[in-house]
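Please treat every number below as a calculation from the coordinates, not as lab data. None of the values given here were measured: they were computed from a predicted structure. A quick note on method: Cβ atoms are made from the backbone with ideal geometry, for glycine too, and the neighbour counts reach across all protein chains shown.
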Amino acid sequence: MPELPEVEIARRNLVHWLDGHRVVKAEADDSRVFRGARREDFASLRGRLESLERRGKYLLFSFEGGKGLLAHLGMTGRFVRRPEGVPVPYSRARFHLDDKAVIHFADSRLFGRMEPCAASRLYELEAVKELGRDPLADGLTAEQLQEALGSSRQELKVALMDQGRVTGLGNIHAAEALFRAGLHPSRKPASLTPEEWKRLADAIHASIAFGLEEQQGEDPAYLEDGAENRFLVYGRAGTPCSRCGTKVESFTQGGRTTHRCPQCQPLHPGRKPSDAQRKRASRRR
């Protein structure tokens, strides 16, 4: 599922595509992308884009005339720009621009979401009001991260993915941040030291920066079957850790698959690795 970096790249692309242009026509197919919303309201979107903000994994469009749109990419949604008349597979909604280009919202599995509303109401929508701190839009220090997660009784990775605490992180970047910080995903937040909170905050920013760099461009490549895996630990179960050579393991956590290195991310950080663990790591270096 697209996470904060992918959604931020989508926002930047849309701002670039819409800058200096007007939407002359908006149209949408009858699909569950508009569940709970009216396609007729989407079709009323016209004119210039006044602002486009991102909160977590949501995009908030404001058009002239007070029209607004909340969009969520879901698992497979993405915005693409094509010349008029060029078909786009799984196109569910379209903005026709005054330069004869069309911006498509394509979504093969229909888990994305479009909700037109008054622009003044965007931040009043429940989906937006419930979001926690956004690491990129709001900033995120070690102290702010501890304040957001420290009281949670959830395991650390599950708490990181709680959009009401810190918004924008999903399974991929939560796993990547924990690996960068050298923290076991099953640690309890209350067990972290001030130094570990700082490592984790820095690791979150590093993982987001990596994602932004990897996904930039008008047609960013999502991690799909057959695509090169550029992540440090996510999706690497059974392969040697890039740092120590220990075999990366996976387990189920909060209903999702979690990846971690047993050597680099110990559950009990004060406990020294056994002779057998050191030997295994040495053989894989």
Report, by chain and number, residues whose modeled amide H sits under 5 Å from the one on residue 75, excluding near sequence neighbours (fewer than 5 apart, same chain).
111, 112
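What ranking do 30, 138 get, fewest neighbouring Cβ atoms within 10 angstrom at the top?
Ranked by crowding around the Cβ, least crowded first: 30, 138.
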Which cross-chain or sequence-distant (5 or more) residues have an amide H under 5 Å from the amide H of residue 92, H modelled 1.01 Å from N in plane?
105, 106, 107
Kindly put 204, 172 in sequence by how many other C-beta atoms sit within 10 Å of each C-beta, fewest to most.
172, 204
Residues with amide H under 5 Å from that of residue 246, placed H, sequence gap 5 or more
241
For the range 58-69, 3J(HN,Hα) per residue [Karplus equation, 6.51 cos²θ - 1.76 cosθ + 1.60, θ = phi - 60°, Hz, x = Gly/Pro]
9, 10, 10, 8, 10, 9, 4, x, x, 8, x, 8
Per the helix-only model, the chain has a calculated mean residue ellipticity at 222 nm (DSSP H runs of ≥4, -39500 (n - 2.57) each, divided over all residues, rounded to the nearest 500) of -8000 deg cm²/dmol
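What shape does the range 4-129 take by its C-alpha gyration tensor, where a ≥ b ≥ c are the square roots of the eigenvalues and a/c under 1.5 counts as rounded, a/b above b/c as prolate, and the rest as oblate?
Values: a/c = 1.29, a/b = 1.11, b/c = 1.16.
In terms of gyration-tensor shape, rounded.
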Using the crude model of +1 on Lys and Arg Cβ and -1 on Asp and Glu Cβ, and no other charge, please compute the dipole size for the chain relative to its Cα centre, in debye to 20.
1320 debye
Mean-square fluctuation maximum in Gaussian network of the chain, Cα pairs under 10 Å, restricted to 66, 170, 211, hits 66
Could you please rank 161, 114, placing first whichever residue has the fewest other Cβ atoms within 10 Å of its Cβ?
161, 114
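Looking at the range 77-180, which trypsin sites (Lys or Arg not before Pro) are in a loop (DSSP not H, G, I, E or B) and have at most 11 other Cβ atoms within 10 Å? Don't jump to the answer; show the numbers that get you there.
On the way: sites: 78, 81, 92, 94, 100, 109, 113, 121, 129, 133, 153, 157, 165, 180; in loops: 100, 109, 153, 165.
Those satisfying the criteria are 100, 109, 153.
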With unit charges on the beta carbons (Lys and Arg positive, Asp and Glu negative) and the dipole taken about the Cα centre of the chain, which residue among 261, 114, 179 sits farthest to the positive side?
261
How are the C-alpha pair distances of the range 97-155 spread across 5 Å bins, as whole percents from the shortest bin up?
4, 11, 13, 13, 18, 15, 13, 7, 3, 2, 1
Quick one: dipole size for the range 4-129, taken about the Cα centre, charges +1 on Lys/Arg Cβ and -1 on Asp/Glu Cβ, in debye to the nearest 20.
220 debye
Which residue, 18, 59, 183, has the most motion in a Gaussian network model of the chain that connects Cα atoms within less than 10 Å?
18
Which helices, taking whole DSSP H runs in the chain, have alpha carbons extending 20 angstrom or more along the helix axis plus mean Kyte-Doolittle at least -1.0?
4-18, 194-215
log10 I(q)/I(0) for the chain, Debye formula on C-alpha points only (no solvent), q = 0.08, 0.12 Å⁻¹, two decimals, reads -0.39, -0.79
Working note, the range 64-115: Cα radius of gyration (Å, one decimal) and Dmax (Å, whole number) are 11.7, 32
